[in-house]
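Student: Dropping the structure in here first, questions after.
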Amino acid sequence: MSKLTYSILQLLWRSEKGLTFNVLCGRTGEEERTVRTRLQLLQSQELVVMKGGRWYLTSTGQIAAEGEAMRRSQPLYARGWQALRMLKAAGISDIAMMAARVEEKTAASVLTGYFQTLSRVGLVVRAGAVIPPRFALIDDLGPEAPRIDSRRHVVIEPNSGRELPMPWGKQKGGV
C-alpha cells in the first residue's frame with residue numbers, strides 16, 4: 001500500500017464526519033490531481049465513498065485501514081506468524097509477500113531464520129529440503145507470535161506461556 005493511500009485511509013479512519021477533498025489535499029500535502037486519482041482508485045475498490053461533498057470510508061475501507069495500521073505497527077516476525085497461521089503451510093516467499101512492507105527488502109531471509117528456529121524447537125515443521133524453504137504449522141498456537149530471546153537462548157510461546165530452550169546456543173533470527 002502506498003504512502004498516499006495509507007495516509008488517506010488513516011485520515012478518513014480518524015474522521016467521524018468525513019473529510020472534504022480540499023482538506024485531504026491539505027493534510028496529505030499532495031497535489032489535487034494526485035489525490036483525485038488516488039480517491040478514484042479507492043472508490044473503484046469500494047474502500048471510500050463520497051456523500052454530501054465529503055469522503056468517508058466504507059466498511060471494507062475501515063477493515064483495510066485497521067489492518068494496514070496493525071501491519072505497520074507489528075514487527076516482521078509477528079506479521080510472518082500471522083501469515084503462516086492464515087496459510088497453514090507455505091513457502092517462505094509467500095509468507096514474506098504477505099507479511100513484508102515494501103521497504104523490508106530482506107524479509108525472506110529474516111523470516112527464514114525465524115521459522116527455522118521455530119522448527120528446531122518444534123513449533124512449526126520445515127517441509128522437506130526444498131529451496132526456498134516451506135514451513136507448516138504443527139498446531140495453531142494462537143494469535144501471539146512466538147518470540148526468540150537470543151540472550152536467554154529460549155523461544156517464548158506467549159499464548160501458553162511456555163519457554164522452549166534452544167540447546168544449540170545462539171541462533172540467527174532472534175527477535
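Student: For the residue pair Ile131 and Ser44, what label-to-label distance in nm results when each label sits 7 Å from Cα along the Cα-to-beta-carbon direction?
Tutor: 4.2
Student: Right, another one. Compute the long axis of helix 3-14 from its Cα atoms, compare it with the longest principal axis of the Cα atoms of the chain, and write down the angle in degrees, 0 to 90, nearest 10.
Tutor: 80
Student: Using a basic spin-label model with each label point 7 Å from the Cα along Cα→Cβ, how many nm lie between Lys3 and Arg120?
Tutor: About 3.8 nm, to one decimal.
Student: If you don't mind, there's one more thing I want to ask. Multiply the residue gap between Met86 and Trp13 by 0.36 nm, knock off their C-alpha separation, and tell me the result in nm, one decimal place.
Tutor: Gain on stretching Met86 to Trp13: 23.7 nm.
Student: While we're looking at this one, here's another question. Need one word for the stretch 3-67: rounded, prolate or oblate. Basis is the Cα gyration tensor (sqrt eigenvalues a ≥ b ≥ c); a/c below 1.5 gives rounded, then a/b vs b/c decides.
Tutor: Rounded shape, in that the Cα axes give a/c under 1.5.
Student: I want to check a number: in the chain, how many lysine pairs have alpha carbons closer than 26 Å, given a sequence separation of 8 or more or different chains?
Tutor: 8
Student: Applying a 10 Å radius around every beta-carbon, put 156-165, 90-99, 76-85 in order of their mean neighbour count, most first.
Tutor: Highest mean packing first, the order is 76-85, 90-99, 156-165.
Student: How far is helix 107-120 tilted off the main Cα axis of the chain, in degrees rounded to 10, range 0 to 90?
Tutor: 40
Student: Just to confirm the number: angle between the C-alpha axis of helix 59-73 and the first principal axis of the chain, 0 to 90 degrees, nearest 10?
Tutor: Tilt of helix 59-73: around 50 degrees.
The numbers here are math on the coordinates, done by the rules we state, and not lab data. None of these values were measured; they are calculated from a predicted model. Quick reminder, even Gly has a Cβ in these numbers, built from the backbone with ideal geometry, and neighbours come from all protein chains shown.
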